[in-house]
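J.: Structure in structure tokens, see below.
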Amino acid sequence: MQALVLRGTTLTVEEWARPTPGPGEVLVRVLAAGICGSDVHAAVHLEGIIEETGPTSWYADADLTEGLVMGHEFVAEVVEVGPDIREWSPGDRVVKAPARSTSRPRPPRMAGAYSSELNGAFADYMALWEPTLMAVPENVSVEVAATTEPCSVARHATHEGEIAADERVLIMGAGPIGLMAMLWLKHDGVELVGISDPVAQRRELAASLGADLVLDPSDPGFADELEAGFEAGPDVVFDCVGIPGIIRQAMDAVRPGGRVVIVGVCMEEDRFLPFVGINKALTIKFSVAYTRDEFAETLAAFSSGAIDTTPLVTRTVDLGELPEEFERIAGGDQLNCKVLVLPP
């Protein structure tokens, strides 16, 4: 089968061994896979990340000499099941969620976006552990289902913010996670949700999706517009950017006694002045991943139409275009929101 393989910092599309499902596993055909910012970061920084984070890293099982196949945002179709699988059949559409409670033994190998044992979703096929599977409702499109994972990331972040309907929220960054967090907050009935981004196309998309206030942080009048929109400052600020300096900007923007939720993954060292946080009695929380219940909540919202991520999918490519697409994104192109990899 074809797969996008990362070795060191080099990405190539090449032949990769098609996995065979063993006990407790199913073989799936990838229907669509999303490119996550963490994939692009890993293609450049993975060796340094492993060195910095050691055994606690998501990437601890990665062997960049042997090579690995990334891709963790996906929807797939079951094509073959292991010898002990009775719950799933060929043709079932699935996503991979955190594993449910089960007595089924965990296999010695696990498909993971950053593991060299089994490939991730930037490939034709994957082998998945059955307890991680979650069925995709029939009325949910392939494109929307492929956004289940990042939309669950955004859902978890909004839960971490513990936001009341009468609180005011600023989301920094109108990328996929920031926009999905905005959709969830509006779904929850939060009255004032503002979003800031220096890219005009992203601000326009945020406005079309229902943002109450859209700001340009590069505008000299940003501080005045922020004060006009939020008076004493937003109660909660989400960092959905992940570049040096944003945490400090969020601390400056939020009201005294407010909360800052860090969702953006910054791959460089950052600096901020702790006194600012102490002076304003701020709470700063780092949010990561999601729960199985949040995956189920996301799929239910897709099925009911309460959340629609269709407008966020602004570009599609095939597997053969991925090396060039990674280079384009790493080069700073922010005109597209969510890019999906579709079979030819």
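The values are calculated or read from the model by the stated rules, or taken from the named source; none is laboratory data. Quantities reported herein were computed from a predicted structural model and do not represent experimental measurements. Glycine also receives a Cβ, built like all others from the backbone with ideal geometry; neighbour counts cover every protein chain displayed.
J.: For residues in region 326-341 being at pLDDT 90 or above and under 18 Å from the mean Cα position of the chain (by Cα), which is farthest from Ala123 (Cα to Cα)? Full working, then the answer.
T.: We begin by selecting, within region 326-341, every residue at pLDDT 90 or above; these are 326-329, 337-341.
Right, trim to under 18 Å from the mean Cα position of the chain (by Cα) and you get 326, 329, 337-341.
Working: Phe326: 15, Ile329: 19, Cys337: 22, Lys338: 18, Val339: 16, Leu340: 13, Val341: 10 Å.
Looking at the filtered set, the residue picked out is Cys337.
J.: Then there's this: Do you know which residues across region 1-57 are modelled with pLDDT of 80 or more, β-branched (Val, Ile, Thr), buried (at least 18 other Cβ atoms within 10 Å of the Cβ) and assigned to a helix (DSSP H, G or I)?
T.: Step one: list which residues in region 1-57 are modelled with pLDDT of 80 or more, which gives 1-44.
Applying the additional criterion that residues be β-branched (Val, Ile, Thr) yields 5, 9-10, 12-13, 20, 26, 28, 30, 35, 40, 44.
Retained after the next criterion (residues that are buried (at least 18 other Cβ atoms within 10 Å of the Cβ)): 5, 26, 28, 30, 35, 40.
Within region 1-57, Val40 is the sole residue that qualifies.
J.: Something else about it: What number of residues within region 7-40 are touching a strand residue (DSSP E or B) at 6+ places or on another chain (Cβ under 9 Å) and within 27 Å of Ala154 (Cα to Cα)?
T.: Summing the residues that are touching a strand residue (DSSP E or B) at 6+ places or on another chain (Cβ under 9 Å) and within 27 Å of Ala154 (Cα to Cα) in region 7-40 gives 10.
J.: Quick check on this structure: which one of Arg292, Arg255, Arg271 is touching a residue at least 12 places away in the same chain (Cβ under 8 Å) and under 30 Å from Glu138 (Cα atoms)? Don't jump to the end; show me each part of the working.
T.: Numbers: Arg255 fails: under 30 Å from Glu138 (Cα atoms); Arg271 fails: under 30 Å from Glu138 (Cα atoms).
So the residue among Arg292, Arg255, Arg271 that is touching a residue at least 12 places away in the same chain (Cβ under 8 Å) and under 30 Å from Glu138 (Cα atoms) is Arg292.
J.: Would you confirm, using the coordinates I've provided, whether Ala301 is assigned to a helix (DSSP H, G or I) and either surrounded by fewer than 16 Cβ atoms within 10 Å (Cβ to Cβ) or touching a residue at least 24 places away in the same chain (Cβ under 8 Å) (or both)? Walk me through it before giving the result.
T.: Values: assigned to a helix (DSSP H, G or I): yes; either surrounded by fewer than 16 Cβ atoms within 10 Å (Cβ to Cβ) or touching a residue at least 24 places away in the same chain (Cβ under 8 Å) (or both): yes.
So Ala301 fits the description; yes.
J.: Suppose we keep only residues that are among the small types (Gly, Ala, Ser) and within 18 Å of Ile177 (Cα to Cα) within region 285-307. Which one would you say is farthest from the chain's Cα centre (by Cα)? Quick ask: steps written out before the conclusion?
T.: Let us first name the residues in region 285-307 that are among the small types (Gly, Ala, Ser), namely 287, 289, 296, 300-301, 303-306.
Cutting the leftovers down to within 18 Å of Ile177 (Cα to Cα) gives us 287, 289, 296, 301, 306.
On the way: Ser287: 12, Ala289: 8, Ala296: 16, Ala301: 17, Ala306: 19 Å.
Residue satisfying both the conditions and the ranking: Ala306.
J.: Related question: In region 17-46, how many residues are over 21 Å from the mean Cα position of the chain (by Cα) and more than 19 Å from Ile85 (Cβ to Cβ)?
T.: 1
J.: Going by the structure shown, is Tyr125 outside the structural domain of Val265 (by TED's automatic domain parsing), at pLDDT below 95 and of a type in the set (Ser, Thr, Tyr)? Steps first, please.
T.: On the way: outside the structural domain of Val265 (by TED's automatic domain parsing): yes; at pLDDT below 95: no; of a type in the set (Ser, Thr, Tyr): yes.
No: the conditions fail for Tyr125.
J.: Is it the case that some residue within region 79-86 is farther than 22 Å from Glu268 by Cα, modelled with pLDDT of 95 or more and among the basic types (Lys, Arg)? Reasoning before the result, please.
T.: Taking region 79-86 as the starting set, the residues that turn out to be farther than 22 Å from Glu268 by Cα are 79-86.
Checking which are modelled with pLDDT of 95 or more leaves us with 79-81.
Next cut, among the basic types (Lys, Arg) only: none.
Within region 79-86, none of the residues are farther than 22 Å from Glu268 by Cα, modelled with pLDDT of 95 or more and among the basic types (Lys, Arg).
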